[in-house]
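Presented below is the structure to which this report refers.
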C-alpha cells in the first residue's frame with residue numbers, strides 16, 4: 001500500500017481568524033470574561049444572552065476560563081463570577097502603572113486633609129475606571145468599587161480629564177459616549193457641557209454637582225503623562241450637603257495640588273499655558 005504523503009508547511013490553526021486579523025474564539029472568550037467582570041455574578045443563560053453567544057458555547061468558554069482560574073462557579077447559587085487569576089492579572093497592571101502606585105499615599109493624605117472619600121481613576125475610551133479609593137470614616141460617604149465605570153461627562157474626574165484634553169480628543173471621546181440623563185443635573189454632551197468644561201479648564205478642577213448620583217458631589221483634577229496629556233484623575237466625593245459654597249474652592253485647591261504632585265512624581269508634566 002502506498003504511504004500517504006504528509007502535507008507540507010505548517011498545519012492549519014484550530015482557531016478561526018476573522019477578516020480583521022483577530023482570533024474569533026479568543027475574542028469571544030475575552031468578551032465573556034469582561035462581561036462576567038461587569039455583571040459581577042450571573043447565571044449562564046443571562047451571560048449567554050448578554051454576549052449574544054449560544055449557551056453551549058458560552059458554557060465551554062466559562063469552563064475553559066474556570067480551568068485556568070479566570071472564572072469561578074458558585075454551585076449553590078448556580079452563578080458564574082470572576083476567578084482569582086483575573087485578580088492577579090489586574091494586580092499586575094496596578095503594580096506596573098506608576099500613577100496608581102504613586103497615588104496611593106497621596107490619596108490617603110487627600111482623604112485626611114479633606115475629610116472626604118478620595119478616588120483615583122484612569123480613562124478608557126469615553127469612560128473613567130476607578131482604580132483606587134480611600135474612604136472617609138464619616139458614616140455618610142461615597143463609594144466606588146474598584147473597576148467601577150462611569151461616563152466621563154457625568155464624573156468629576158471625567159470632566160477634569162475632558163477639560164484638559166485638546167478639542168479634537170475631547171470631541172472624539174464625547175462622540176463615543178451614549179448620552180444618559182442620570183439626574184436632573186446631568187450635563188449630557190452639548191453646549192451646556194462645553195461651557196462647564198471651559199470653566200473647569202480655567203480654574204484647574206471640576207465640580208460634579210449631583211450629575212451622576214442624586215445627593216452626591218465630587219471635585220476632580222486631571223493627572224498628566226510625560227507628553228503633558230491627561231491620563232488619569234483624582235477626586236474627592238461625598239454628600240452634597242458637605243460640598244457647600246464655602247468649601248468648594250478649598251477642596252478644589254486640595255485636589256488640584258494632589259493631581260499636580262502625582263503628575264510630578266510619576267514623571268509627567270503639566271501642559272504649557274498662556275505661552276509660558
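The values are calculated or read from the model by the stated rules, or taken from the named source; none is laboratory data. Please read all numbers here as calculations on a predicted model, not as lab measurements. FYI the Cβ positions are ideal-geometry reconstructions off the backbone, even for glycines, and counts take in every protein chain you see.
Here are the numbers for the structure shown:
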read-out	value
Boolean, residue 2 is exposed (fewer than 13 other Cβ atoms within 10 Å of the Cβ) and either modelled with pLDDT under 50 or in the same structural domain as residue 77 (by TED's automatic domain parsing) (or both)	yes
Of all residues in the stretch 200-225 being surrounded by fewer than 20 Cβ atoms within 10 Å (Cβ to Cβ), in contact with a strand residue (DSSP E or B) (Cβ under 7 Å, 6 or more places away or on another chain) and not in a strand (DSSP E or B), the one that is modelled with the lowest pLDDT	225
Of all residues making up the stretch 26-67, the number that are touching a helix residue (DSSP H, G or I) at 6+ places or on another chain (Cβ under 8 Å) and either at positive phi or free of Cβ contacts under 8 Å to residues at least 12 places away in the same chain (or both)	6
Filter result for residue 197 (part of a helix (DSSP H, G or I), crowded, with 16+ Cβ neighbours inside 10 Å, in contact with a helix residue (DSSP H, G or I) (Cβ under 6 Å, 6 or more places away or on another chain) and in the same structural domain as residue 121 (by TED's automatic domain parsing))	yes
Lone qualifier among 228, 245, 178 - being within 19 Å of residue 150 (Cα to Cα), surrounded by fewer than 22 Cβ atoms within 10 Å (Cβ to Cβ) and modelled with pLDDT under 95	178
